[in-house]
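One structure below.
The values are calculated or read from the model by the stated rules, or taken from the named source; none is laboratory data. Since the structure is predicted, the reported quantities are computational estimates derived from the model, not experimental observations. Cβ coordinates were reconstructed from backbone atoms using ideal geometry, including for glycine residues, and neighbour counts include every protein chain displayed.
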Amino acid sequence: MSATAASGRNPFDLGGLTAIVTGANTGLGQAIAVALAEAGSAVAGIARSSLDETAALVERTGSPFLAIQADLSTIEPVERIVEAAQAWRGSVDVLVNNAGIIRRADSLDYTEADWDAVMDVNLKSAFFLAQAAARRFVASGRGGKIINIASMLSFQGGIRVPAYTASKSGIAGITRLLACEWAQKGINVNAIAPGYFATNNTEALRDDPKRSAEILGRIPAGRWGQPSDLGGAAVFLASAASDYVHGVVLPVDGGWLAR
Ligand code: NAD
């Protein structure tokens with residue numbers, strides 16, 4: 001019997017934990033922040049712009065919220081983010097690497113500037129935030145949970161998004177690598193691979209009638225994902241229920257990959 005089962009505690013209960021969620025002002029990051037808060041976690045939300053909307057949604061759940069403004073296009077704010085969250089609640093237990101950007105252009109025309117911008121936010125900052133959080137998890141002796149936001153393009157090629165595909169394939173790779181290095185330190189590193197969700201990230205696809213119909217026609221669930229569809233997977237991977245889950249890239253995709 002597991003420790004949580006023996007204690008009678010709901011293994012999905014996040015009460016007493018503190019989670020950092022990057023890109024929490026909108027879209028999937030906002031929904032993940034709310035889901036973790038509903039399960040009892042305090043949430044430190046990271047974004048370049050105002051987090052007021054997310055603060056109101058989280059506080060409505062009864063869980064505390066801290067807004068941290070930071071631009072993750074460089075790794076300059078990484079230490080500050082983890083320090084601020086640690087100082088706020090006395091510990092950090094969960095990191096959700098969600099902030100991400102996408103730049104679309106034919107690969108024949110793709111620029112170095114677009115390549116670097118996407119890789120810096122989606123892969124480099126995610127790795128160094130994971131490193132900064134993991135150092136705290138090791139120092140505290142309590143371990144922790146790292147959840148990276150991957151993509152269908154962690155598994156597939158896509159078109160016209162070479163840096164995005166490289167970054168999300170890289171996220172799947174470092175999820176597995178970090179899981180291998182840190183599992184014995186009590187740190188679970190996993191990823192969620194969202195399918196096609198209705199957010200800013202997919203606005204250009206949804207505005208293109210041909211691409212939009214092609215995508216929708218392939219989703220067995222018959223609809224685009226709503227940000228709240230990710231909440232359960234995020235709570236699971238943040239909770240004691242996933243203590244023996246390491247290095248998975250969990251699709252939440254309406255069945256897209258099963259097709
Ligand atoms: P979104 O554009 O609404 O959100 C992106 C988030 O990243 C925003 O909160 C933004 O503030 C943050 N961000 C971007 N650049 C940043 C920077 N330099 N510094 C700090 N924060 C920054 O899109 P979304 O769909 O909610 O995307 C969230 C994550 O989910 C991304 O990693 C994206 O690649 C991934 N994803 C989305 C989909 C989808 O269908 N929407 C599918 C697969 C993966």
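How many residues, within region 52-92, are over 26 Å from Asp116 (Cβ atoms) and either within 10 Å of the ligand (Cβ to nearest atom) or charged (D, E, K, R) (or both)?
Residues that pass the stated criteria total 7.
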Take the conditions within 14 Å of the ligand (Cβ to nearest atom) and touching a Ser or Thr at 6+ places or on another chain (Cβ under 8 Å) and apply them to Ala150. Does it pass?
yes
Looking at (1) within 16 Å of the ligand (Cβ to nearest atom); (2) at pLDDT below 95; (3) out of contact with any helix residue (DSSP H, G or I) (no Cβ under 7 Å at 6 or more places or on another chain), which is the one condition that is false for Pro162?
(2)
Hey, Ser212 under 17 Å from the mean Cα position of the chain (by Cα) and either at negative phi or among the β-branched types (Val, Ile, Thr) (or both) or not:
no
Taking region 152-186 as the region of interest, how many residues are surrounded by 19 or more Cβ atoms within 10 Å (Cβ to Cβ), part of a loop (DSSP other than H, G, I, E, B) and in contact with a strand residue (DSSP E or B) (Cβ under 9 Å, 6 or more places away or on another chain)?
0
All positions within region 118-151 that are among the small types (Gly, Ala, Ser), over 22 Å from Gly29 (Cα atoms) and not in a helix (DSSP H, G or I):
Gly141, Gly143
Any idea how many residues of region 187-214 are aliphatic (A, V, I, L, M), within 10 Å of the ligand (Cβ to nearest atom) and in a helix (DSSP H, G or I)?
1
Return only the number of the condition from (1) within 30 Å of Asn10 (Cα to Cα); (2) touching a Leu at 6+ places or on another chain (Cβ under 9 Å); (3) assigned to a loop (DSSP other than H, G, I, E, B); (4) not polar (S, T, N, Q) that Gly254 does not satisfy.
(2)
Close pairs from region 206-222: first more than 10 Å from Trp256 (Cα to Cα) and free of Cβ contacts under 8 Å to residues at least 60 places away in the same chain, partner of a type in the set (Gly, Ala, Ser) and in a helix (DSSP H, G or I), Cβ under 7 Å, at least 6 apart
Arg206/Ser212
Suppose we filter Gly186, Gly143, Gly157 for residues that are free of Cβ contacts under 8 Å to residues at least 40 places away in the same chain and not acidic (Asp, Glu); which single one remains?
Gly157
Are any residues in region 166-186 touching a helix residue (DSSP H, G or I) at 6+ places or on another chain (Cβ under 8 Å) and either small (Gly, Ala, Ser) or within 11 Å of the ligand (Cβ to nearest atom) (or both), and if so, which ones?
Ala166, Ser167, Lys168, Ser169, Gly170, Ile171, Ala172, Gly186
Which of (1) touching a strand residue (DSSP E or B) at 6+ places or on another chain (Cβ under 6 Å); (2) surrounded by fewer than 22 Cβ atoms within 10 Å (Cβ to Cβ) is the odd one out, the single condition Ala193 does not satisfy?
(2)
Does Ile147 count as in contact with a Leu (Cβ under 6 Å, 6 or more places away or on another chain) and β-branched (Val, Ile, Thr)?
yes
